[in-house]
Amino acid sequence: MREDTGSVVLGWLTKIVLLLGVLGMLAFDGISLVRNEFTVADHANTAASAAADTYAHTHDVQQAYDAALALAITQSETIDPHSFTVRPTDGHVLLTLRREAQTLWLYRVGPLKKYLTQSALGEGGPSS
């Protein structure tokens, strides 16, 4: 009779370890998505401000776009070129920045892939 108690404990321990592993992966992907949401919004504003500063010095829209894009590329992000606008009156820049979250398993599930790419509208004016 004592021989069976060891296998019961080992079975429950295995189930608990597997459950904690799955929950850990789900938590990692969830945290990654939330972190990405805040990061992309912050980087969008930073890229817009860099573009506005460049435009204030050069008055060239292409150089302003290149400045924002250079900042975005270092963070593995993209800027939608159609969303990039500069108001010539005050040099205020608007842009849309996109970033894909790094996950453990979410990128493997076809219907859920749409949640990986997050975008944010960035606004920035030239610093004085």
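The residues in region 70-90 that are surrounded by fewer than 20 Cβ atoms within 10 Å (Cβ to Cβ) and either among the β-branched types (Val, Ile, Thr) or within 29 Å of Leu116 (Cα to Cα) (or both) can be counted, and the count is 13. Of all the residues in region 93-103, those that are of a type in the set (D, E, K, R) and at pLDDT 90 or above number 2. Tyr107 falls short on exactly one of the conditions (1) part of a helix (DSSP H, G or I); (2) buried (at least 16 other Cβ atoms within 10 Å of the Cβ); (3) not aliphatic (A, V, I, L, M), and that condition is (2). Here Asp66, Asp90 are screened, and the one residue that is at pLDDT 85 or above, of a type in the set (D, E, K, R), in contact with a Ser or Thr (Cβ under 9 Å, 6 or more places away or on another chain) and farther than 30 Å from Met25 by Cα is Asp66. Exactly one residue out of Ala67, Ala56 is assigned to a helix (DSSP H, G or I), out of contact with any helix residue (DSSP H, G or I) (no Cβ under 6 Å at 6 or more places or on another chain) and of a type outside the set (Lys, Arg): that is Ala56.
The values are calculated or read from the model by the stated rules, or taken from the named source; none is laboratory data. All figures in this text were calculated on a predicted structure; none of them were measured in a lab. Cβ coordinates were reconstructed from backbone atoms using ideal geometry, including for glycine residues, and neighbour counts include every protein chain displayed.
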